[in-house]
């Protein structure tokens, strides 16, 4: 159990350091997904460059699209599954912009459905806060284990 606590503490501190360096981008996106009407805004990515999936890469089913957002000319890119792309226009891709995170875009489906915070599509964003928060009880449990070990001596 002590090893598990140390692993959680290490992951939590490491991820917190990465989030601090990146201005808490993933945490802000996760938080914004709880109130999408307030934080999500419709926009369009005007595509300038399309990169098809490569057989040598780890992601063999996703296209990468680079371009700029119509609203403020932000240059950005998005990775989208091949199955989604086959059915629509790829010169202008509907996206969600998040007001608290300037440089991140999320794919917007035709019916404007917003992913729930714990959906499969948002997994990259909810793992980060979970590990950050899991480090706190792991730290207290580790301290408790250490105190019990000292009392035994």
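The values are calculated or read from the model by the stated rules, or taken from the named source; none is laboratory data. What you see is a predicted model, and the numbers here were worked out from it, not measured in a lab. Because the Cβ atoms are built from the backbone with ideal geometry, glycine has one as well, and the counts that use them run over all protein chains shown.
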In the stretch 54-86, anything in contact with a strand residue (DSSP E or B) (Cβ under 8 Å, 6 or more places away or on another chain), more than 21 Å from residue 110 (Cβ to Cβ) and either surrounded by fewer than 16 Cβ atoms within 10 Å (Cβ to Cβ) or at pLDDT 90 or above (or both) is listed as 59, 66, 68, 75
Candidate set: the stretch 95-124, residues that are surrounded by 16 or more Cβ atoms within 10 Å (Cβ to Cβ) and out of contact with any strand residue (DSSP E or B) (no Cβ under 9 Å at 6 or more places or on another chain); chosen: the one nearest to residue 46 (Cα to Cα): 101
If I ask for residues that are farther than 20 Å from residue 21 by Cβ and part of a helix (DSSP H, G or I), which ones from the stretch 110-133 would you list? 120, 121, 122, 123
